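Trainee: Here it is, the structure in full.
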Amino acid sequence: MNAPEQTTLAPVLPSQEVFFARCASDPELGLAIRHWTGGLRFESESATIGFSVTDGSITAQVPMPGEGVISVAGPSEHWQSLSQATPPPFAQISVLVELGKRGLERSMTDPTLWWQYLPAVERASELLRVPGGQRAACRLEVGPSRSDSPVGGYLHIDLETPEGTVDHRIYYETAGEGIPLLLQHTAGAQSVQWRHLFEMPEITDRFRLVAYDLPFHGKSIPPIDQRWWEREYRLEGALLRQIPVAIASALNLGQPVFMGCSVGGLLALDLALHHPDVFSAVISLEGALHIGGPWDGLLGLWHPQVGNQSKARMMESMCAPTSPEAYVKEVSQVYSAGWPPVFLGDLWYYMVDFDLRERASEIDTDQVAVHILNGEYDWSGTVRGGRAAHEAIAGSTHTVMAKVGHFPMQENPTAFAEYLLPVLDQISASRSEGSV
């Protein structure tokens, strides 16, 4: 009897020579490895590649595991998906290693090292791709005035807290005419995420857009009536739900439409349950009934030895690989600019506080219309999670946004508009008919 035929795995990682050449010539990686002494190893069953670093200077030697070295190892199938020119959904190193432990294992002598040099690991994993991890270019056309549409302002709203009523100074900006559309940004971000929608006349000719910064975010500075610097910031639903309701009242918006993304997407469903008399419709971007997840595993997102850039760079892994590079980097810059504790604190609502699994069926879509949209490449507010919410909320709609990730309005506004406009058309038609 003949011996069984031996199969050999095809190479799934570039050669060490090719990989190091890409790394050594990449300006983004060069910034990400500054001050690092150690190195990076990528290991499959058939190959090991990487680079060494001495105080930010890169060399071609593949380092042995030890102090200052980050090693990522796993089966060839996962490296194969990472190495594709356009990786499939969830083929991001943060997902495969950190958040879901879905096939790749990391190792290092100090766990903090992973968070400190996550931007370097993410960029190096992109350089595995053919032809080298470059995203598409983009150019936003600017009108003759070279002036964007929104007009900004501030308003004071009173919010009920465990310590009593507290005055909050809230920044907002607005543009357009017609049906009021209140816009809530993602966790740890600010209202600038909606800037592209403000320049789309197909939207602003029918809708008055109002985007705001949550307290402690963007231009909404902390309240002066609290000693907020003495406590850990955590966003809870009891406070969060008050904010859009108070803004709608202060601006006399009548029965506005509410649209939020991520934290805002969950809030949209929360408002449909708790305040159906205030809003005529809600649009939940990246929505779900419950997110959950390893809260303790994210503590590197606010650590005295980890910079803001690391959490920002992780957000890029939530964007589709086909989204224009400049807009993806804009997502990252917004996160880098935030108050360091605010992102992790917002995730308290996102991952722990919010849970509609037992109450979603109570939402009455005859009173408030519910529209749920999820990006194909979003590994947090997944299509599966959005579909479950749609199935639990009778009368809701659900849209899967192909080639879009967690930040559709910012990472790829043109693609997002193709999915959003039919929803807005439906809302406009319902308003004309005198229903929600």
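Trainee: Which of the residues spanning the stretch 379-400 are modelled with pLDDT under 95 and over 25 Å from Met314 (Cα atoms)?
Mentor: none
Trainee: Checking the condition of a type in the set (Gly, Ala, Ser) and surrounded by 23 or more Cβ atoms within 10 Å (Cβ to Cβ), which residue from Ala73, Ala91, Ala85 passes?
Mentor: Within the list Ala73, Ala91, Ala85, the selection yields Ala91.
Trainee: Any residue in the stretch 414-434 that is at pLDDT 95 or above and part of a loop (DSSP other than H, G, I, E, B)?
Mentor: no
Trainee: When residues of the stretch 10-26 are filtered for being of a type in the set (S, T, N, Q) and assigned to a loop (DSSP other than H, G, I, E, B), how many remain?
Mentor: 2
Trainee: Within the stretch 297-314, is even one residue within 18 Å of the chain's Cα centre (by Cα), touching a residue at least 24 places away in the same chain (Cβ under 8 Å), assigned to a loop (DSSP other than H, G, I, E, B) and at positive phi?
Mentor: Within the stretch 297-314, none of the residues are within 18 Å of the chain's Cα centre (by Cα), touching a residue at least 24 places away in the same chain (Cβ under 8 Å), assigned to a loop (DSSP other than H, G, I, E, B) and at positive phi.
Trainee: Output yes when any residue across the stretch 227-247 is without any contact (Cβ under 8 Å) to a residue 12 or more places away in the chain, touching a helix residue (DSSP H, G or I) at 6+ places or on another chain (Cβ under 6 Å) and more than 21 Å from Val352 (Cβ to Cβ), and no when none is.
Mentor: no
Quick grid of which residues meet (1) touching a Gly at 6+ places or on another chain (Cβ under 9 Å); (2) modelled with pLDDT of 95 or more; (3) surrounded by fewer than 18 Cβ atoms within 10 Å (Cβ to Cβ):
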| residue | (1), (2), (3) |
| --- | --- |
| Pro63 | yes, yes, no |
| Val97 | yes, no, no |
| Arg106 | no, no, no |
| Gly133 | no, no, no |
| Ala136 | no, no, yes |
| Thr161 | no, no, yes |
| Tyr172 | yes, yes, no |
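Trainee: Moving on to the next point. Residue pairs, Cβ under 8 Å, 6 or more apart or interchain, first in the stretch 22-41 and of a type in the set (D, E, K, R), second surrounded by 15 or more Cβ atoms within 10 Å (Cβ to Cβ) and in a helix (DSSP H, G or I). List them.
Mentor: Within 8 Å, the pairs are Asp26/Arg123; Glu28/Arg123.
Trainee: On to the next question. Pick out, from the stretch 27-84, the strands (runs of 3 or more DSSP E) lying fully within it that include 2 or more residues that are under 31 Å from the mean Cα position of the chain (by Cα).
Mentor: Filter on the stretch 27-84 gives 38-43, 48-54, 69-73.
Trainee: If you don't mind, another one. Which count do you get for residues in the stretch 44-53 that are surrounded by fewer than 17 Cβ atoms within 10 Å (Cβ to Cβ) and either basic (Lys, Arg) or under 18 Å from Val121 (Cβ atoms) (or both)?
Mentor: Total satisfying the criteria: 1.
The values are calculated or read from the model by the stated rules, or taken from the named source; none is laboratory data. What you are looking at is a predicted structure, and each value in this text was computed from that prediction instead of being measured. Cβ sites come from the backbone with ideal geometry, for glycine too, and all protein chains shown count toward neighbours.
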